[in-house]
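> Here's a structure for you.
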């Protein structure tokens, strides 16, 4: 027994090597989360934020796809309702200002209403999503030319973001299917999903870019623009995409309530329709970001590359 004790006991001349890795200042501090490296601190903070997002979004996570899909198409539902309730005004505008012949203007509006209602219902119900998204994309293009807004920068940027949301719907649809696209055996649905997610991520940020370059400037607007642009870049490249998309969801939601408060404007005021249009389009882009939070950035992203190393 004495020999065993002596074997495990350090000799009298033993002195701990304070230079060994566990006692080095950098290694010890890193192990306890007290590193002086600013990059390490940023990573630690971002990891904590991601953990909080995972915890607090857990009750909503099963419902995020449905909520996101509904918000994406809500602008089309509102547009259909607006055309129906302002039918005579819409006909007058198309015939007087866009030179639509009588009858053609009626068919134009009717086809838009049917396509938007049917496409929105299909997207929400997750039925024939590819055809529904194709129809809604056609509505965006046709309305741009029909109303003469295709070259309006604000309209163009906003609709690019709405298109990004629709591409996220396609990606979400493909994620639940495993078979190949007919006629293209060389490209799996997983490949298509990655490219749809990449295009959707990039297009979603155009709304915020349009916001940055219009309106009056203030200190608060400068800070919000800087943080928002940083989050947009992170979304586009797929770096901490869930965190940055969550931040943009909160930022755009708050901005939408205060900047596009159409309910506070008189019902006969001409600005009311413009504010309502912007409000529901912003909701559609928030829906696309929610799908991004739920699905992640996809295979073509910095986050995915980091997993492979």
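The values are calculated or read from the model by the stated rules, or taken from the named source; none is laboratory data. Just so it is clear, the model here is predicted, and its values are computed rather than measured. Using ideal geometry, Cβ is built from the backbone for each residue, glycine included, and neighbour counts are taken over all protein chains shown.
> Enumerate the pairs (first residue in the range 41-66 and closer than 10 Å to residue 294 by Cα; second residue anywhere and surrounded by 10 or more Cβ atoms within 10 Å (Cβ to Cβ) and modelled with pLDDT of 70 or more) with beta-carbon separation below 7 Å, excluding pairs fewer than 6 apart on the same chain, so at least 6 apart or on different chains.
Pairs that qualify, where the first residue is closer than 10 Å to residue 294 by Cα and the partner is surrounded by 10 or more Cβ atoms within 10 Å (Cβ to Cβ) and modelled with pLDDT of 70 or more, are 61/294; 64/290; 64/293; 64/294; 65/172; 65/291; 65/294.
> I'd like the residue in the range 274-294 that is in contact with a helix residue (DSSP H, G or I) (Cβ under 7 Å, 6 or more places away or on another chain) and free of Cβ contacts under 8 Å to residues at least 40 places away in the same chain and, out of all such residues, is surrounded by the fewest Cβ atoms within 10 Å (Cβ to Cβ). Even if it seems obvious, please write down each step before you answer.
Step one: filter the range 274-294 for residues in contact with a helix residue (DSSP H, G or I) (Cβ under 7 Å, 6 or more places away or on another chain), giving 275-276, 279-294.
From what's left, free of Cβ contacts under 8 Å to residues at least 40 places away in the same chain: 275, 279.
Numbers: 275: 17, 279: 19.
Only one residue fits best here, namely 275.
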